[in-house]
Amino acid sequence: MAATRNSILDDPFYQPADEFFPANNKIGLTFDDITLATLFSEILPRDTQLDTQLAENLHLHIPVISADMDTVTESRMSIAMALNGGLGLIHYNMPERQQLSEVSRVKNHVHGLIQEPIKVSPEQFIGDVLALIEEKKFGFSTFPVVDENGKLAGLLSGHVVKPRYAGKKVSEALTPRAQVHTVTKKELGRDPIARADKFFTEHIGIHKLLVVDDDDHLHGLITMSDVERITQERKAQFKPARDAHFHLICGAALSTTRNAFGELDRARILSHVGALVERGVDVVAVSTAHGHSKGVGDTVKVLRDAFPKLPIIAGNVTSAAGVEYLADCGANAIKVGQGPGSICTTRIVAGVGIPQMTALYVSSRAAARKKVTILADGGITKSGDIVKALTLSQAVICGGIFAGCNEAPGDIVEISGKLYKQYRGMGSLAAMKAGSAARYGHEKNSTQKVAPEGVEALKEACGSVDRVLAQLIGGIQSGMGYLGAANLEQLRQKARYIRVSPAGQREAAPHDVVELKTGN
Ligand code: XMP
């Protein structure tokens, strides 16, 4: 019978993590220093599962998170990440109220039920409605009509919202209340999308369903196109990451805010996170360069006490002691990475930081003991790096890979015929200045670092997040197929490593050819 199991002949060369990393404990290793050995496989890449549980209440369908950086993640990026099954962490280099509205934008994106539909009154003219559409750039022209008491008076259909009727009143043009299809909140039940889907199938040509209460006050609108999109999503392999109410999930980062005396500003931190929770935030990330510090630990403790069920990410650390400390303070997921980022200069400026694979191994063993998860943060430039990182972590955080995407904040600039977007470290001078100005209303913040630890850079524009993630996910699934891993747990269990020589690194990339098209 053909051998499908490991051979002892391989064992001295290709070692599991607990043998490989301790055997290499005198040197810090990163992604390109190692490679993974293949194993017998019955797993087709397309059948692999990428679901990952980061905390009791935080489940992603792909293990990829966009970084909390001001040139990477605001609401557009966060929506794109969640629609693909991942998570976006909205950065904090902006005033608190702006961060709240960024979170709201994500939470209210393409929900089956539009909770606060735009309404018109019977007394308005069609011309007013046309002007409203023009001013607000609405992409729709059908509106519920509500009287001065908030009661449903009818539906103004897009067919009559035309310049030729501009002088007519809404009350003359509306479809009367008796002919409008409605459902009560109670009738919607636990699965409003299924209920609405059934309704639209049974009512040919009807595309809008209004939600009312027992007194006929309007409480929402369900459109057939939203229902169809959501029903379609339910069939996709990588479903959008949604909360229990079917809203996209969203994270928000925060710093260890201090008052004028340099003390932790507990009241401000609590009111900020309280407001984020009210907006529906699914996870907060206490995000700093040095997570194994009293400020981060105390912030996590304050939040854990006030919000016992809220998933908390904290970091960054690169040691077992750092993981244990943040876990004991109450963090659920710990960010690992000091200095690997593509825009980071921490290792050059401060002389500290650990190459990422060694940092991940050490951290992962502490995380397993403490029953927390770890996130590999920074230094990822290709899908192969993600596969390697996922052998030791539950998800990866990427900045540079997404900074050139359409959904990242900032404009595209053209230089010598090529298109770029700005990408900068959060510890760069420009980002620190912008953050202080936004959060404190002035350019100087006494707690800010004096020496910048990040650079300002450009990334080549690279299209949509969907496109970039499709490539990354394809690579992750391919790696899992090579290791015979059906899911991420099996990937972590099965991984075997070997170090790569400089010649081996050269061999790994295209060589001795004139490259016509790059691999990506
Ligand atoms: P990548 O490699 O994905 O890294 O571009 C993104 C991660 O880098 C970290 N980060 C910084 N690290 N100085 C640093 O030393 C900085 O200015 C800086 N800005 C971001 C952060 O962990 C991010 O997720």
Subject >> Enumerated helices (runs of 4 or more DSSP H) restricted to the stretch 147-231, each holding at least 2 residues that are at pLDDT below 95 >> reply: 185-188, 192-202
Original post:
In the list Val180, Val161, which residue meets the criterion of being touching a Ser or Thr at 6+ places or on another chain (Cβ under 8 Å) and either crowded, with 16+ Cβ neighbours inside 10 Å or farther than 30 Å from Asp51 by Cα (or both)?
Top reply: Val161
Original post:
Which residues, taken from the stretch 89-99, are in contact with a strand residue (DSSP E or B) (Cβ under 6 Å, 6 or more places away or on another chain) and within 12 Å of the ligand (Cβ to nearest atom)?
Top reply: Leu89, His91
Original post:
What is the residue count in the stretch 59-74 for residues that are surrounded by fewer than 24 Cβ atoms within 10 Å (Cβ to Cβ) and assigned to a strand (DSSP E or B)?
Top reply: 2
**OP:** Exactly one condition in (1) of a type in the set (A, V, I, L, M, F, W, C); (2) surrounded by 22 or more Cβ atoms within 10 Å (Cβ to Cβ); (3) over 22 Å from the mean Cα position of the chain (by Cα) is not met by Ala368; state its number.
**Re:** (2)
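The rows are residues; the columns are (1) closer than 18 Å to Met81 by Cβ; (2) modelled with pLDDT of 95 or more; (3) within 13 Å of the ligand (Cβ to nearest atom).
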position	(1), (2), (3)
Gln394	yes, yes, no
Gly404	yes, yes, yes
Val413	no, no, no
Gly417	no, no, no
Tyr420	no, yes, no
Arg424	no, yes, yes
Gly427	no, no, yes
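Give the number of residues within the stretch 371-389 that are among the hydrophobic types (A, V, I, L, M, F, W, C), away from the ligand (no atom under 14 Å from the Cβ) and without any contact (Cβ under 8 Å) to a residue 60 or more places away in the chain. Outline the logic, then answer.
Taking the stretch 371-389 first, the residues among the hydrophobic types (A, V, I, L, M, F, W, C) are 372, 374-376, 380, 386-387, 389.
Retained after the next criterion (residues that are away from the ligand (no atom under 14 Å from the Cβ)): 372, 387.
So of that shortlist, the ones also without any contact (Cβ under 8 Å) to a residue 60 or more places away in the chain come out as 372.
Number satisfying all stated conditions: 1.
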Original post:
So which of Tyr482, Tyr497 is aromatic (Phe, Trp, Tyr), more than 21 Å from Tyr420 (Cα to Cα) and out of contact with any helix residue (DSSP H, G or I) (no Cβ under 8 Å at 6 or more places or on another chain)?
Top reply: Tyr482
**OP:** Those residues that are among the hydrophobic types (A, V, I, L, M, F, W, C) and not in a loop (DSSP other than H, G, I, E, B), I need them from the stretch 49-58; list them, please.
**Re:** Leu54, Ala55, Leu58
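What residue, of Arg105, Arg46, is more than 24 Å from Gly400 (Cα to Cα), out of contact with any Pro (no Cβ under 8 Å at 6 or more places or on another chain), part of a helix (DSSP H, G or I) and not β-branched (Val, Ile, Thr)?
Just a single option satisfies the conditions, and that option is Arg46.
Hey, can you tell me all the residues within the stretch 215-228 that are touching a residue at least 40 places away in the same chain (Cβ under 8 Å) and surrounded by 14 or more Cβ atoms within 10 Å (Cβ to Cβ)?
Just the residues of the stretch 215-228 that are touching a residue at least 40 places away in the same chain (Cβ under 8 Å), to begin with: 215-223, 226-227.
Selection gives Asp216, Leu218, His219, Gly220, Leu221, Ile222, Thr223, Asp226, Val227.
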Original post:
Here are some conditions: (1) in a loop (DSSP other than H, G, I, E, B); (2) within 16 Å of the ligand (Cβ to nearest atom); (3) in contact with a strand residue (DSSP E or B) (Cβ under 9 Å, 6 or more places away or on another chain); (4) over 20 Å from Ala389 (Cα atoms). Met77 meets all but one. Which one does it not meet?
Top reply: (1)
Subject >> Among the residues listed as Ala253, Ala275, Ala244, Ala236, the single one being in contact with a Phe, Trp or Tyr (Cβ under 9 Å, 6 or more places away or on another chain), under 22 Å from Arg76 (Cα atoms) and of a type in the set (Gly, Ala, Ser) >> reply: Ala253
Subject >> The lone exception for Glu134 - which of (1) free of Cβ contacts under 8 Å to residues at least 24 places away in the same chain; (2) over 22 Å from Ser75 (Cα atoms); (3) in a loop (DSSP other than H, G, I, E, B) it fails >> reply: (3)
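What about Phe13, is it of a type in the set (Phe, Trp, Tyr), surrounded by 13 or more Cβ atoms within 10 Å (Cβ to Cβ) and out of contact with any Leu (no Cβ under 6 Å at 6 or more places or on another chain)? Write out each step before concluding.
Numbers: of a type in the set (Phe, Trp, Tyr): yes; surrounded by 13 or more Cβ atoms within 10 Å (Cβ to Cβ): no; out of contact with any Leu (no Cβ under 6 Å at 6 or more places or on another chain): yes.
No: the conditions fail for Phe13.
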Original post:
Looking only at the stretch 448-477, which residues are out of contact with any Phe, Trp or Tyr (no Cβ under 9 Å at 6 or more places or on another chain), within 13 Å of the ligand (Cβ to nearest atom) and either part of a helix (DSSP H, G or I) or over 29 Å from Gly353 (Cβ atoms) (or both)?
Top reply: Leu472
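Quick one: would you say Ala434 is of a type in the set (Gly, Ala, Ser) and either at pLDDT 95 or above or near the ligand (Cβ under 7 Å from one of its atoms) (or both)?
Details: of a type in the set (Gly, Ala, Ser): yes; either at pLDDT 95 or above or near the ligand (Cβ under 7 Å from one of its atoms) (or both): no.
Taking the combined requirement at face value, the residue does not satisfy it.
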Subject >> Residue under evaluation Ala368, criteria (1) out of contact with any Lys or Arg (no Cβ under 9 Å at 6 or more places or on another chain); (2) under 14 Å from Thr30 (Cβ atoms); (3) away from the ligand (no atom under 15 Å from the Cβ), criterion not met >> reply: (2)
Subject >> strands (runs of 3 or more DSSP E) wholly inside the stretch 257-357 that include at least 3 residues being within 19 Å of the chain's Cα centre (by Cα), more than 16 Å from the ligand (Cβ to nearest atom) and over 27 Å from Glu456 (Cα atoms) >> reply: none
Subject >> Residues located in the stretch 240-289, provided they are among the aromatic types (Phe, Trp, Tyr) and touching a residue at least 60 places away in the same chain (Cβ under 8 Å) >> reply: Phe246
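The values are calculated or read from the model by the stated rules, or taken from the named source; none is laboratory data. None of the values given here were measured: they were computed from a predicted structure. In this analysis, Cβ positions are derived from the backbone assuming ideal geometry, glycine residues included, and neighbour counts consider all displayed protein chains.
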